[in-house]
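Please read the structure below before turning to the comments.
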Amino acid sequence: MDFGLSEQDAAVQAAVRAFAAEHLAPAARRADEEGAFDGTRVPLLGEAGLLGGPIDPAHGGRGWTHVQWALALMELGAVDSSWRGFATVQTCLCGMLIERFGTDAQRSALLPGLTSGRAIFAYALTEPEAGTDVASLRTTATADGDGWQLHGTKHWITNGGVADHIVVFANADPDAGKNGMACFLVAGDAAGLKREPMEGQELGHRASDHATLKFDGVRVGPDDVVGGVGGGFDVAMGGLGEGRLGVAAGAVGIQQAALDACLDWTRTRRQFGRRIGDFQLVQSDLAEMHAALESTRLLTLKAAWQRDHGEDNHRAVSVAKWAACEAAVMAADKAVLLHGARGYTSAYPVERLLRDAKGLQIYEGTAHIQRIIIARDLLGKESR
Ligand SMILES: Cc1cc2nc3c(=O)[nH]c(=O)nc-3n(C[C@H](O)[C@H](O)[C@H](O)COP(=O)(O)OP(=O)(O)OC[C@H]3O[C@@H](n4cnc5c(N)ncnc54)[C@H](O)[C@@H]3O)c2cc1C
């Protein structure tokens, strides 16, 4: 076993850390307070490799290993979960999905724009009545000549209001249940598509775009199907498998940011004539945060390493996603308390970490569902 980073791994990590510090960190607080998605930064992420990192250079990517990609998303997650979320949706849910399940024509038409950031992508699976129970989605694909017409509503779609291309899941044969599902590519300006911002203000990820998408007879042709009609459920899960590892990495980043802020603060804040870091209850919190960070970083990197080595990492991804997201909420919660009243204001970064961390527990499979996946895998099917 080798727990060290290679020279190339360390170079990716250092480059992304420098990029995030220069281009994302200065704007993170304002973007969160204003609740504004700034699309002008997307090509910058592309130039830095943050939209095509793990995608094959033949398709416009950087060819980073999954370990390198996880290291990169840890750095983004430490600075701004909205941008880490953007990279996860664009690259994992959409880019890696198209690379794996798409046709040569789809790959060459779409991936260069996706990896460079010239085009924005969204992944539209969730519906008002179909969240965790993905197979129950109600968006239909009704046969129309050599293609289909899409009818239905998606909500909570990251980038949904701004995307140039949307990966949409619908059912072409509702009687067949999940075996009737298909994945379609829809242009953001397609006739019959209406996009609206989500109602209300989000708890976190406020610098992201989240939209409701209404499909009223949107026409798709045979060249717009990804992974075959009937294959949509596997395509959806394939995208989520990549995305969940990215979310785990983002959660590790949140923990690092929370711990770093707390170490700075507890070294300098003084009460009762001593720095607060010298009180054992405070030390207990710092030690717990450190142990959870170390263990979930290793879980995440192990799942990425398994992917790089062609091993089945299905359970490892759910373990990493669940454990890292729980630890991120715990770390950010402790960070707010350790900062006292200052932790309760946007003048310090820790309250944003807590609000963002809650989102990571929900999307791409909730904390409940990850545990169900893990336990089912451990138990196996009953033999009768
Ligand atoms: C910030 C953010 C960004 C998002 N971006 C996207 C996106 O880009 N694309 C997209 O398609 N979706 C996106 N989503 C939606 C997200 O994937 C869903 O919210 C998530 O899958 C949960 O679905 P739901 O909200 O309908 O909750 P529900 O499925 O209704 O779940 C409600 C509660 O019931 C629990 N539950 C449900 N079923 C079970 C079960 N069998 N056993 C135990 N507990 C269960 C859940 O764990 C949860 O606690 C986003 C959500 C957020 C918050």
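The values are calculated or read from the model by the stated rules, or taken from the named source; none is laboratory data. The structure presented is a predicted model; accordingly, all values stated were derived computationally and were not measured. Neighbour counts run over all protein chains shown; Cβ positions are idealised from the backbone, glycine included. Please note that ligands, DNA and RNA were not included when accessible areas were found on the heavy atoms of the full protein model with its side chains. Shrake-Rupley method; radii C 1.70, N 1.55, O 1.52, S 1.80 Å.
Exactly one of these conditions fails for Leu379: (1) open to solvent by 70 Å² or more (accessible area, probe 1.4 Å); (2) of a type outside the set (Phe, Trp, Tyr); (3) touching a residue at least 12 places away in the same chain (Cβ under 8 Å). Give me its number.
The failed condition is (3).
Give Asp260, Asp209 a once-over and let me know the one that is closer than 27 Å to Ala72 by Cβ and within 15 Å of the ligand (Cβ to nearest atom).
On the way: Asp260 fails: within 15 Å of the ligand (Cβ to nearest atom).
Going through Asp260, Asp209 in turn, just one is closer than 27 Å to Ala72 by Cβ and within 15 Å of the ligand (Cβ to nearest atom): Asp209.
Regarding Glu382, is this residue out of contact with any strand residue (DSSP E or B) (no Cβ under 7 Å at 6 or more places or on another chain), of a type outside the set (Lys, Arg), outside any loop (DSSP other than H, G, I, E, B) and away from the ligand (no atom under 15 Å from the Cβ)?
When the stated conditions are applied, Glu382 does not pass them.
Could you tell me which numbered condition Ala58 fails, if it satisfies all but one of (1) at pLDDT below 95; (2) crowded, with 17+ Cβ neighbours inside 10 Å?
(2)
Tally the residues that are closer than 19 Å to Gly204 by Cβ and more than 10 Å from the ligand (Cβ to nearest atom), restricting the search to region 93-130.
Qualifying residue count, region 93-130: 0.
Whether any residue in region 65-84 is in contact with a strand residue (DSSP E or B) (Cβ under 8 Å, 6 or more places away or on another chain) and under 23 Å from Arg195 (Cα atoms) is what I want to check. Walk me through how you get there before you give the answer.
Of region 65-84, the ones in contact with a strand residue (DSSP E or B) (Cβ under 8 Å, 6 or more places away or on another chain) are none.
Looking for residues that are in contact with a strand residue (DSSP E or B) (Cβ under 8 Å, 6 or more places away or on another chain) and under 23 Å from Arg195 (Cα atoms), one finds none in region 65-84, hence no.
Which of the residues belonging to region 189-213 are within 28 Å of Gly250 (Cβ to Cβ), touching a strand residue (DSSP E or B) at 6+ places or on another chain (Cβ under 9 Å) and open to solvent by 10 Å² or more (accessible area, probe 1.4 Å)? Write out each step before concluding.
Residues of region 189-213 that are within 28 Å of Gly250 (Cβ to Cβ), as a first pass: 195-213.
Subsequent filtering for residues that are touching a strand residue (DSSP E or B) at 6+ places or on another chain (Cβ under 9 Å) retains 195-199, 202, 205, 208-213.
If the condition is that a residue be within 28 Å of Gly250 (Cβ to Cβ), touching a strand residue (DSSP E or B) at 6+ places or on another chain (Cβ under 9 Å) and open to solvent by 10 Å² or more (accessible area, probe 1.4 Å), then Arg195, Glu196, Pro197, Met198, Glu199, Glu202, His205, Ser208, Asp209, His210, Thr212 are the ones that fit.
For region 165-177, enumerate the residues that are closer than 13 Å to Leu193 by Cβ and within 12 Å of the ligand (Cβ to nearest atom).
Ile166, Val168
Restricting to region 131-164, name every residue that is more than 13 Å from the ligand (Cβ to nearest atom) and buried (at least 23 other Cβ atoms within 10 Å of the Cβ).
Going residue by residue through region 131-164, those that are more than 13 Å from the ligand (Cβ to nearest atom) are 140-151, 164.
If the condition is that a residue be more than 13 Å from the ligand (Cβ to nearest atom) and buried (at least 23 other Cβ atoms within 10 Å of the Cβ), then Ala141, Trp148, Leu150 are the ones that fit.
With the structure loaded, tell me whether Ala176 is of a type in the set (A, V, I, L, M), surrounded by fewer than 19 Cβ atoms within 10 Å (Cβ to Cβ) and farther than 29 Å from Leu24 by Cβ or whether it fails that test.
Numbers: of a type in the set (A, V, I, L, M): yes; surrounded by fewer than 19 Cβ atoms within 10 Å (Cβ to Cβ): yes; farther than 29 Å from Leu24 by Cβ: yes.
Yes; evaluated as a whole, the condition is true for this residue.
What's the number of the condition Ile362 fails, among (1) of a type outside the set (Lys, Arg); (2) within 16 Å of the ligand (Cβ to nearest atom); (3) open to solvent by less than 30 Å² (accessible area, probe 1.4 Å)?
Of everything listed in (1) of a type outside the set (Lys, Arg); (2) within 16 Å of the ligand (Cβ to nearest atom); (3) open to solvent by less than 30 Å² (accessible area, probe 1.4 Å), Ile362 misses just condition (3).
Arg376 is checked against (1) more than 13 Å from the ligand (Cβ to nearest atom); (2) over 23 Å from the mean Cα position of the chain (by Cα); (3) of a type outside the set (Asp, Glu) and fails just one. What number does that condition carry?
The single condition Arg376 does not satisfy is (1).
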